[in-house]
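Heads up, the thing below is written out as structure tokens.
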Amino acid sequence: MSKKKLVNIDLTDMAHGAIQEKLDNVMDDVLENILNPNCEPKKKRKVTITLSMTPTETRNSVTLDAQVKATLVPEDSATTTILVGRNSTGRIEANELKSGTPGQTYIDPEDGKLKDDKGTDIDKVEAEGKDKPAKASTIIDFQHSQKKESN
């Protein structure tokens, strides 16, 4: 003997399948968020289905409103270091630090070229340097002064 179901409400069929469609769309967003390498992989994502029911004055029918929403994990922030200073004319200059340490050169993995800390090709930096007059050396040779004293 089978018992007749008195409350015959199937979310997948309600509103001509619109609630299920909303759930499918939100699940796509959740799964996309899970697969995003810029999001924390172990944090929980949440899908909420809210069913709001408003009865009529006579209480013989109910308007059902379904809302489906997701709580996603935000993307990780992107952090970098900006070198700030004034150039020889006193104007402000700012460049992203590419090498990891101010003044350090590095090999750019994208093109394999040697670059300065701001990402400028060293060949270009050296070519520009040839056009400028040579600066007086600020290197102090302590051994040279010791040699003079010992003679």
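The values are calculated or read from the model by the stated rules, or taken from the named source; none is laboratory data. This one's a predicted model, so the numbers in the text were calculated from it and none came from an experiment. Don't worry about glycine lacking a Cβ; one is built from the backbone with ideal geometry, like all the others, and counts go over all protein chains shown. The area values use the complete protein model at the heavy-atom level, side chains included, leaving out ligands, DNA and RNA. Shrake-Rupley method; radii C 1.70, N 1.55, O 1.52, S 1.80 Å.
Worth a mention:
- Those residues of the stretch 91-105 which are assigned to a strand (DSSP E or B) and touching a Ser or Thr at 6+ places or on another chain (Cβ under 7 Å), in sequence order: 96
Residues checked against (1) out of contact with any Cys (no Cβ under 7 Å at 6 or more places or on another chain); (2) among the β-branched types (Val, Ile, Thr); (3) open to solvent by less than 100 Å² (accessible area, probe 1.4 Å):
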site	(1), (2), (3)
3	yes, no, no
6	yes, no, no
12	yes, yes, yes
29	yes, no, yes
35	yes, no, no
38	yes, no, yes
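- Being open to solvent by less than 70 Å² (accessible area, probe 1.4 Å), of a type outside the set (Val, Ile, Thr), part of a strand (DSSP E or B) and touching a residue at least 12 places away in the same chain (Cβ under 8 Å) is a condition met by no residue of the stretch 119-129.
- Scanning the stretch 40-74 for residues that are touching an Asp or Glu at 6+ places or on another chain (Cβ under 6 Å) and either open to solvent by 70 Å² or more (accessible area, probe 1.4 Å) or more than 17 Å from residue 9 (Cα to Cα) (or both) returns 70, 73.
- Looking across the stretch 75-118, the residues that are closer than 30 Å to residue 41 by Cα, exposed (fewer than 11 other Cβ atoms within 10 Å of the Cβ) and modelled with pLDDT of 85 or more come down to 77, 78, 79, 80, 82.
- For beta carbons closer than 6 Å, sequence separation of 6+ or different chains, a first residue in the stretch 35-57 that is more than 20 Å from residue 18 (Cα to Cα) and a second that is modelled with pLDDT under 95 and in a loop (DSSP other than H, G, I, E, B), the qualifying pairs are 38/76.
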